[in-house]
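Remarks on the structure that follows.
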Amino acid sequence: MCGIVAYIGKKEAYPIIIKGLQRLEYRGYDSAGIALLDNGELNVYKKQGKVSMLSNYAETQNTKGNSGIGHTRWATHGLPNDVNSHPHTSTNGDISVIHNGIIENYAPIKAELISRGYTFQSETDTEVLVHLIDDALKQEKVNLSEAVRLALQNVVGAYAIVVISKDYPNQLVAARKSSPLVVGIGSEGDFYLASDATPIIEYTKQVVYLNDEEIAIVDLNEGLKIINIANQEKTAYVQELEMHLEALEKGGYEHFMLKEIHEQPRSIRDCFRGRLNVEEGWVALGGIKDYEQKLLNAQRLIMIACGTSWHACLVGEYLIEDLARINVEVEYASEFRYRNPIINENDIVIALSQSGETADTMAALTLAKSKGATILGICNVVGSSISRITDAGSYTHAGPEIGVASTKAFTAQVTVLTLLALRLAYKKGTITRKKFQSIIQELDAIPEKVQRILEKDKMIEEIAAVYKDSKNALYLGRGSSFPVALEGALKLKEISYIHAEGYPAAEMKHGPIALIDEEIPVFVIATKGTSYEKVVSNIQEVKARKGKIIAIVTEGDTQVKEIADHVIEIPDTDENLVPLLATIPLQLLSYHISVMRGCNVDQPRNLAKSVTVE
Ligand code: G6P
């Protein structure tokens, strides 16, 4: 999400930090900021936009100093402007903090701090951290690292932070929980801190990866000390970096797409973090709560999107209609806007968009708004155009997606729509308490199940090798696995340039069956559930015509195994959640086929990540 970097030692900190931020820019580029300690002065510079905007500005100022912290932001709380940029600084200007993550309970902490006289400059969740640290220093009369430890005890959520203070010129204090942080140990008694090793590798190969709830104190006189939140001293395990700079920029993966596929256990969890509570048995989407009653009263919902996001809408249609019993119409944004659609002030139009910038989706929303409809957005990029023009919405929190072929953004969109369907169903009473509880429990287990599928990567690669030279491919599914089939076909065609079509399994006999011969791979989602037997029949129809079957089945399946050429097992889950799992092997298959065909996986020909033209 955000990138953080820091340095303390004998060198000039500014060039190291700026270069480091550029390397971390893939993690977010809404804004950037830096705090440098020079002769007792803490100079803080922050700019909306890319790191180059910050450096252009900072270089007109004093950039001296042998210690500093820097941040490149992917906005979560608060618009991407100068004020919301990190570092955030205490009111007296003595302490600055950079943070990657989300402080989930920032609102009550903020209210409490305000009631005790603290003033806030930004809309961020992070600013509570700097005031909490400042407060602990004053109230508890402790040193900086202890103040950080006490402050973090109040915090729920994810964080990687680095703290710099005027009063501790020889020290930086860092901590992590759920967000990454690496300490680089320099050869001159100096230290580097960063979200990943990218900014560090050209200076040192000796690194320590902090574990969750660990605090690192780097001190020019005392060296590196690690304690945990419970104040126990921990051993620093120094590792030798073996990776090349280029690879590290992709977090060790060969391509951004592969990295993003592998990030899904985390991105799905980030998406439902704070919105799902299994113990207490609730689901909530804070961003749209003001429109909840309208959603519950709605006769129909219209969902609009393009590309992969449109496929997520289709999954949403199955979920919302089945669970919440509200009629959903899914429209291509580009079609909707030009066909004089019937919409009025009773309608709710929901736009799905990873980038939040897609021109057709924007235009369709503008049209709906002009007709008086309520417009809601589900976007990944915070502060994007769609998130700004909509009445309300929910972010997917998948983190920056760099590979043009969408992967983790899709599963995050499906996660938000699942939460929406569950919330509406719960409020309308259209599902039993027992069923609701069982689905949210299953949803909570999805990240771990996605991880289990990712561990089958080698086997999936072997299947990919068999079909890499295909000219055509067919993808079949029924129910909410039909949009998964569409998405599987889109992934294959966009990155490997193999012609692929997704079809509802039963529709195959109305046309695509004519394509079937011994050359064509047919990918079928045949997981257990309502239409399992019907899908098995469709598989038989393909086999009778000598087609090759690659089936995604539920663990333990025996029936499909007997007839398919290859099976990929996925863990059992609630039928409504199958899209979140069945998508994963299809992403990996497309990825490997694309690599084997020598295609540009991350930047496929003729495509763009964000389509801002009609
Ligand atoms: C482009 C991208 C796709 C994406 C589509 C919609 O075609 O290559 O990956 O699904 O735009 O983008 P959006 O940002 O609105 O989800």
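The values are calculated or read from the model by the stated rules, or taken from the named source; none is laboratory data. All values reported here derive from a predicted model rather than from experimental measurement. Cβ sites come from the backbone with ideal geometry, for glycine too, and all protein chains shown count toward neighbours. Heads up: the accessible areas ignore ligands, DNA and RNA and are worked out on the full protein's heavy atoms, side chains in. Shrake-Rupley method; radii C 1.70, N 1.55, O 1.52, S 1.80 Å.
Might you let me know whether the range 9-17 holds any residue that is among the charged types (D, E, K, R) and open to solvent by less than 40 Å² (accessible area, probe 1.4 Å)?
No: zero hits.
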Margin query: Looking at the range 344-369, I want the residues that are within 12 Å of Gly307 (Cα to Cα) and of a type in the set (Asp, Glu) and have a partner that is in a helix (DSSP H, G or I) and within 9 Å of the ligand (Cβ to nearest atom) with Cβ atoms under 8 Å, at least 6 apart or on another chain. Which pairs are those?
Written below: Asp360/Ala333
Notebook entry, point to check: Is at least one residue of the range 418-434 within 26 Å of the chain's Cα centre (by Cα), of a type in the set (A, V, I, L, M, F, W, C), under 15 Å from Leu319 (Cβ atoms) and within 16 Å of the ligand (Cβ to nearest atom)?
Noted result: no
Checklist line | Qualifying positions in the range 379-417 - over 12 Å from the mean Cα position of the chain (by Cα), under 24 Å from Met257 (Cα atoms) and within 11 Å of the ligand (Cβ to nearest atom) | finding: Ser384, Gly403, Val404, Ala405
Check: Regarding Lys427, is this residue more than 25 Å from Lys534 (Cα to Cα) and not assigned by TED's automatic domain parsing to the domain that holds Ile320?
Finding: no
Next item on the list: Please state which of the following conditions Lys509 fails to meet, knowing it meets all the rest: (1) within 31 Å of the chain's Cα centre (by Cα); (2) open to solvent by 40 Å² or more (accessible area, probe 1.4 Å).
Entry: (1)
Note to self: It is to be established whether one or more residues within the range 530-537 are open to solvent by less than 10 Å² (accessible area, probe 1.4 Å), within 16 Å of the ligand (Cβ to nearest atom) and touching a Lys or Arg at 6+ places or on another chain (Cβ under 7 Å).
What the structure shows: no
Note to self: Condition first: within 27 Å of Val283 (Cβ to Cβ) and without any contact (Cβ under 8 Å) to a residue 24 or more places away in the chain. Now tell me which residues in the range 323-343 satisfy that.
What the structure shows: none
Item checked: Members of the range 464-480 that are open to solvent by 10 Å² or more (accessible area, probe 1.4 Å) and in contact with a helix residue (DSSP H, G or I) (Cβ under 7 Å, 6 or more places away or on another chain) -> Ala465, Tyr467, Lys468, Asn472, Arg478, Gly479, Ser480
Next item on the list: Assess whether Ala359 counts as being farther than 22 Å from Leu419 by Cβ, within 14 Å of the ligand (Cβ to nearest atom) and open to solvent by less than 50 Å² (accessible area, probe 1.4 Å).
Entry: yes
Check: Ile161 fails exactly one of the following numbered conditions: (1) under 26 Å from the mean Cα position of the chain (by Cα); (2) on the phi > 0 side of the Ramachandran plot. What is the number of that condition?
Finding: (2)
Checklist line | Residue satisfying all of: in the range 303-320; out of contact with any Leu (no Cβ under 7 Å at 6 or more places or on another chain) and more than 16 Å from the ligand (Cβ to nearest atom); farthest from Arg337 (Cα to Cα) among these | finding: Tyr318
Note to self: Can you tell me how many residues within the range 160-178 are in a loop (DSSP other than H, G, I, E, B) and buried (at least 22 other Cβ atoms within 10 Å of the Cβ)?
What the structure shows: 0
Item checked: Extreme residue, modelled with the lowest pLDDT, among residues of the range 27-78 that are at positive phi and open to solvent by 10 Å² or more (accessible area, probe 1.4 Å) -> Gly78
